Structures are given as structure tokens and as C-alpha cells.
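These notes are about the structure you will find just below.
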Amino acid sequence: MDCYDFGEEARRLLKEIEITMKEVHEDEARRLIKEIEITINEVQESVFYKDFCTSISTWDHFKHHLNQSLGSHSHIQIVVYSLGSIEHEFNSQSQIALTIALTRDFPTCFLPEIEVYDPVFSPADKIALKKIGCNVLSIEEQATKRVERPTLFYTPGTYAWILGHVLGSNWCSSNINQIMILTNGINDRIEDCASKVNNYMPEKEYNDVSDYISEREQYLGLIGNYIVNFGIEPSSAIDEYIREYTRIYNIEESTFKSYDIPDWAWKNYDNIPNWVFSDYAWSFFHVNSDINMYDLLPDKPCMEKRLEMFQKFSEKESSYNYNLRIKSFAEKDFMRSFDPHWEELFKSQLNYTEEDLEQEAETDRYYWPNRSPGQSLRGPRRFRCVSAPPPKDWIKINFSARKLCDRLTGFGLVIYNDKNEIIETRSGKLEGLDEVEANLEALKQALEWLQSLIWLQSFSLTSPTTIDRQVKLIIQGDNLSLIRWINSVRKPPRSMKRSLTEVLYLMKEFYYCVVYHIYQEANSAAIEAIYIS
């Protein structure tokens, strides 16, 4: 009997798998690029970004500090740390969209190529980021980049020790004065680190990676006297309501009465609609050239000890597969969306009280309370590519809309029961509406039809089909912007608020809803319904 070379066969199979995975990553990257372009447009239309641009363009005090940091240079290099995965998180898409928008809208101020690094980047992340003009750093530099020109470090939601790394690696006035930082909550972090400056470990106790992290944080704690912050806050819901109301009715804001404000606006007084950019500040540093910054440091470990700990820290970080961890977390959190009792489990695991949950719900979602986890996550690829039947005791709605001609838009919807049987199909043509508005109309009709069934059953009247009164809904659509508005991941434009609010209030009548974005191939039934009509 001939000896079969299993080694060669295994190598062939691995090569095929590698080619297949490469194709999958490239396909996902193409879709990510489209989503990033949509997100850039949304960011550019946001109140936060417009305020941001105003600060760069018109604030004399801001421009003064900006010119000081620029010195003889003409452009600023942008470096992004702790971005997160754009494949798994919508927030990460917003954050990279912000930096790309800045380079496009201020080409005379920022260099076009953005340097980015995060150990959680997936293969699709890296491909997409490179294709949209970013330089994805291949070496884990642990945020120790030494600046050679004016540099803006954008670190969204980052840890204090990462900012400490940036500062500590440039701990001299000539370098520090070229650094700018854009992040959220920097004042609180500086205050927290400053309170611990005198409590850092002496050399004999400096033996653990956590001691190294603490030692890095001291740089952030000591920089407080040399920093100038410009806060960039989006308007609150109440401010926007007053501005819109007074514009529509052509009255002075000073004559506006508090009792004219609706309940939903009062309820969200402290909620920032663009919460992904909340508590943001642009920070400049100004240190006199005659100051030896190393004299500011308390007694610290010798360089030899610090390098030893940095090596241990780097080895620990590089050995940890962050990409697999974030992928696992995203999938688990997304799957929890399908558990209506997730709040009870969440509360029991974290010792949350009812007040904690209510506060979180009001902070995260400014329209409807039956919030499910994972809604700010993009969801696993397999959920977006394939039309899967709903789980037992669930009903699924698929909806879509397409522009048919200049003035006409078609919509289609399909509703499935838990046996994956179609219980309703609808389609229609709408004049004078765009695709987003038509999508919203399709979803509204689906929800109203389901509500009519429940109403008929409550009076023991004949209905086309029987559904549980505590119906659980899966809602799938291929319009990314609308799905993100529904899930409060993005703030809708003013023109959509009224119609969107109507749909969200319809959703409140159901026991539980999960809403997520799918690709067109997974939404083919709803799309076909458009053209059949």
C-alpha cells in the first residue's frame, strides 16, 4: 500500500483556508470602507463636529495656542491610539471618521496620513484602514512614540497610563510643547493621577507590571500646571429642542417658557445625543525651555529597573491576543441581545440596583427604554450575511427601500414567524420620499400590522394569524444610518426626529425588540418585494 503524504495534504488544505479567509477579510474591509464613508458624512453633519470646526477656525485663544504648538511647522501629524475595532464597534467607526473628516476639511492644518495602532485590530480592520489612507503601525510601540514635529495624539476613552506613556516618552520641553492631545475626561484623569504622585513605589518595591503602569501615570499627574484645555461639548437635548422650537415659530429664546418643553426633552436634559464624543477636550502643553522636566519627578526607579519592567510589560501585552478577545466579547454581548432577561442577569453579576439600571438606560438611550445589550456593536459577520430564521417564540421583520426614479421610492417588508414562515408581505411606492424615509415607513407599517393582530386577539376577533401578546421582535434592515438611529448609536437629523419618534414609540408597545443591520444579500426577500410591486 502506498504511503499517503498527510503532511502535503494538510499544507494544501491550510493554503485553501488561508486564501478563503483572505477573501473574507477583503470583502469585509470593502463593506467597512462604505460604512466609514457614511459615518464621515454623519460626523460632519453633527453639532459636535460643527462646534469643533468653529473652535479651530474662529477661536482666537485656541488659534494662539495652536500656532504656538506649530512653531515653524505648517502641518500637524495625527496619531490615534486605543481606537478599538471598526469591524466590531460602531463607536470606533465614529472616532476614526472624526480624524478623517479633520484631514479632509482642514488640509492646510493636518497631514493627510493618519497613524493608527490598537492591538485589537482585526485583519479586516487593517485592510480597511490602509485603504482609507491610514498608516497602520505594525510594531507595538506601547504609545512611546517620540515626536519630531507637532503631533495630535487622539486617544478616545483611553487609560491614564497610555497618556503617561506618550508624555513620559517626550519628557522635555521641546517635545512636550509639540504635543497636543484630543481625548475625553482628561481633567479627571490628571486630578486622579496628581493625587497619587507621592505614593509611587520606591525602587525596592518596583517589581511588578502594575508598578510600572503606576509609574507611567505620574507623568500625567505632574503635567497639570502646564496644560491648557479647550472643552468641545455637543449641545444637550434640551438646548437643541429650544433652538429648533424658536426657529420654527420665529420667537426669541428669551421668551421660551419651561412648560413648553416636552417630557422627552426634560428627561434627557443631561443626555448628550452625540455621547460617543462627550466630555471631549483638546489639550495643549506649554513648558518654559529653562525648566528641566526631570526635576519635577519624585524619586523614581533607576533606568535599568524601569527598562526591565517595560520589557515585562511589553511581553505581557504582546502575548495577549486582543483581537480574539474583542471578537469574543463582541459576539457574546451581541448574543445577549436575544435574552429579554439580560438586565436581571447583568444586575446580579455586577450588584446593580434598579436605580443604576434606570440611570444607565436614560444615559444610553434617549427614546425607548427596552434597551438590549450589544446595540452599539456591529455584530458578527455571519448575522449580517445570512438570513437566519428567528428563534422560538420570536417574530422577525425584514424591511428595505430603493429609489425607483427621481420622485418615486419603493419599499418592501416581510414578516416571519418562528417557523420561518412568511405571515405578511407588503410593498408600495411613495412619492417625494428618500430611501431612509421609505425604510422608516416600511418599518412603521410592519409594527402597526403586528399591533393590529394583538388588538384583534385581545377582543377574541378573527385575525390572519395568532401571535403571543408578549411578542419578541427581531428587526433587520440594510440601511445602516436608520438602524444606528433606532439603536441610539447615532443622533438622527432634525428632519427625521418626528417620524423616527413615532416608530420608536410603536416599538415600546412590544415586549422586547432587537434591531440590527444586515447586508443586502441577507435582506433579499424584502428587496424582491419592492420590485414585485
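Assorted remarks:
Residue-wise test of (1) among the basic types (Lys, Arg); (2) modelled with pLDDT of 90 or more; (3) open to solvent by less than 30 Å² (accessible area, probe 1.4 Å); (4) within 16 Å of Ile483 (Cβ to Cβ).
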position	(1), (2), (3), (4)
Lys392	yes, no, no, no
Thr409	no, yes, yes, no
Val414	no, yes, yes, no
Leu443	no, yes, yes, yes
Gln451	no, no, no, no
Ser460	no, no, no, no
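- Among the residues making up the stretch 105-145, those that are touching a helix residue (DSSP H, G or I) at 6+ places or on another chain (Cβ under 8 Å) and of a type in the set (Ser, Thr, Tyr) are Ser122, Thr144.
- Some residue of the stretch 44-62 being within 24 Å of the chain's Cα centre (by Cα) and modelled with pLDDT of 90 or more: yes
- Screening the candidates Phe106, Phe110 for the property of being closer than 30 Å to Ser72 by Cα, at pLDDT 90 or above and in contact with a His (Cβ under 7 Å, 6 or more places away or on another chain) yields one hit, Phe110.
- Selection within the stretch 172-195: residues that are within 15 Å of Leu296 (Cβ to Cβ) and at pLDDT below 90. The member of this set that is least open to solvent (accessible area, probe 1.4 Å) is Cys193.
- Filter result for the condition that a residue is in contact (Cβ under 8 Å) with a residue 12 or more places away in the chain, part of a helix (DSSP H, G or I), open to solvent by 10 Å² or more (accessible area, probe 1.4 Å) and more than 24 Å from Cys405 (Cα to Cα), over Glu502, Glu528: Glu502
- Residues within the stretch 139-192 that are without any contact (Cβ under 8 Å) to a residue 60 or more places away in the chain and part of a strand (DSSP E or B), tallied: 0
The values are calculated or read from the model by the stated rules, or taken from the named source; none is laboratory data. Bear in mind the structure is a predicted one, so any value in this text is a computation, not a measurement. Cβ atoms come from the backbone with ideal geometry, glycine included; neighbour counts cover every protein chain shown. Ligands, DNA and RNA are excluded from the accessible area calculation, which covers all protein heavy atoms including side chains. Shrake-Rupley method; radii C 1.70, N 1.55, O 1.52, S 1.80 Å.
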